[in-house]
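The values are calculated or read from the model by the stated rules, or taken from the named source; none is laboratory data. On a predicted model such as this, the values are computed, not experimentally measured, just so you know. For neighbour counting, all protein chains shown are included, and Cβ atoms are generated from backbone atoms with ideal geometry for every residue, glycine included.
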Amino acid sequence: MKFIRNLSILFFFILLVACGRVTEENYNRIESGMEEAAVIKILGDPDETSSMGIGSLTGKSSVWDDGKARISIQFFNGKVKLKKFGASDKKPS
């Protein structure tokens with residue numbers, strides 16, 4: 001019985017973590033000038049990333065997409081410059 005209870009608790013926490021990172025609420029927590037590491041703490045690792053640099057200037061575009069919603073963030077020198085929230089454009093499998 002204890003095993004089933006522990007398994008249920010574990011399942012609940014896995015479900016809680018797996019769901020809901022790409023939400024409008026989390027999007028609203030992201031602020032202009034926020035460090036990339038702080039964004040990753042909120043949203044987790046991005047699903048897509050591309051970057052470029054010229055000298056000491058760096059730019060990075062990161063996307064979080066859960067199949068329902070999509071958050072796109074552009075970083076300039078490691079800080080949020082632009083952000084966008086909208087519906088996912090992933091095609092259903």
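Couple of notes before you dig in:
- Scan of the stretch 1-42 for residues that are modelled with pLDDT of 65 or more, β-branched (Val, Ile, Thr) and assigned to a helix (DSSP H, G or I), ordered by number: Ile4, Val39, Ile40, Ile42
- Restricting the stretch 20-39 to residues that are free of Cβ contacts under 8 Å to residues at least 24 places away in the same chain and under 20 Å from Gly86 (Cβ atoms) leaves a set whose member that is surrounded by the most Cβ atoms within 10 Å (Cβ to Cβ) is Arg29.
- In the set Gly53, Gly59, Gly86, only one residue is free of Cβ contacts under 8 Å to residues at least 24 places away in the same chain, surrounded by 13 or more Cβ atoms within 10 Å (Cβ to Cβ) and in a strand (DSSP E or B); that residue is Gly59.
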